[in-house]
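Read through the structure below, which is laid out as structure tokens, and then see the notes.
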Amino acid sequence: MSGFLNSIGSLPAQPDKAAAVSHGPSTFRAAPAIAASRSGHDTGRRLRAPKRSPVLTMPGGQQYDAPLASPGAEFSGQPASPTGPKPLFLCQPFVKAALVKGSFKTIVAPPKYVDVNEWVAINLFDFYHNLNHFYSALTEFCTIHNCPTMSAGPTLNFLWPDQNQRLVSLPAPTYIDFVMSWLQKLLEDENVFPTKSGRDFPTSFAYTAKHIYKHLFRVFAHLYHAHFEQVVHLSIEAHFNSLFAHFLAFGKEFDLLVMKDLMTPQGMGQGVAELAERWREMGILEA
């Protein structure tokens, strides 16, 4: 998949960061046309042979404006000692709780004759909606009072770019609502996720896909770090683990997953980075 993300392009603008945000249970509208057209049943769109490593080029060497800054991270001291208490999601039996047994390789591989961009698009669409369902079940616990920062590890806090592209710390529910609202608008944008016959994906789609993946990853990271106890209390840890393992396997298959970029080098060894490594040791994920 090394060629999938070789493109460069501008990312659609993020939502107005000054907009009011509701911190109650979030409900985001679906875009049913996307699922219908990407399922392979849209007979008006000719299926193309899969291109597992497409080369995406800009016409005539055109230069595009630099994309908005990616969310950053900050650190407050050294990571917790390896001899300290382990996070609950790394403890037995929760670390191995899953609905899917065996390799995710066959799940993430695109079906025969399905274009790789179509496959990446529908999977990102599904990951967004499935993760949003889990978050909706946890919103009463993820509050400004309980989660004053977008924490993802003992000393790791993700930051968000404000209107002036300065990285600022936000309460986790505010950060997540920004992410989910922005992603919904992106998924419904016909110029980014085309659903009509005869329309192609933009040349910047590979870049956009990686940016979407990073945002979703960081929501997973916070929920594992701050709310896995509630996940266990709701008896949904097997479902949540399977979704995240599928998400990681898909990211690796299509070059969306570069853990040191998602966590930043200073954050490695914390939170879900440690969980991913444990799953590789257990054979749940490929090394």
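Legend: residues His222, His233, sorted from most to least accessible area (1.4 Å probe; ligands, DNA and RNA excluded), read His233, His222. Ligands, DNA and RNA left out, the accessible area of segment 88-282 computed with a 1.4 Å probe is 54% carbon and sulfur.
Please list Met180, Met282 from largest to smallest accessible area, probe radius 1.4 Å, with all protein chains kept in place.
Accessible-area ranking of Met180, Met282, largest first: Met282, Met180.
Potential lengthening of the chain between Ala109 and Ser197 amounts to 29.3 nm, from the contour at 0.36 nm per residue minus the alpha-carbon distance.
For Thr149, nonlocal amide neighbours, meaning residues 5 or more places apart or on other chains whose placed amide H falls under 5 Å from its own, are Ala172. Ser103 contributes an accessible area of around 70 Å² to the protein surface, as traced by a 1.4 Å probe with all chains present. For segment 88-282, lysine pairs with C-alpha atoms less than 25 angstrom apart, excluding pairs fewer than eight positions apart on the same chain, total 22. Could you tell me which of rounded, prolate or oblate describes segment 88-282, using a ≥ b ≥ c as the square roots of the eigenvalues of the alpha-carbon gyration tensor, with rounded for a/c under 1.5 and, failing that, prolate when a/b is larger than b/c and oblate otherwise? The shape class here is oblate.
Look at the Cα gyration tensor of segment 116-168: its axes a ≥ b ≥ c give a/c of at least 1.5 with a/b at or below b/c, and that counts as oblate. Note that segment 88-282 presents 38 Å² accessible area per residue, ligands and nucleic acids not counted, probe 1.4 Å.
The values are calculated or read from the model by the stated rules, or taken from the named source; none is laboratory data. Since we're looking at a predicted model, the values are computed, not measured. Side chains included, ligands, DNA and RNA excluded: accessible areas come from the protein's heavy atoms. Shrake-Rupley method; radii C 1.70, N 1.55, O 1.52, S 1.80 Å.
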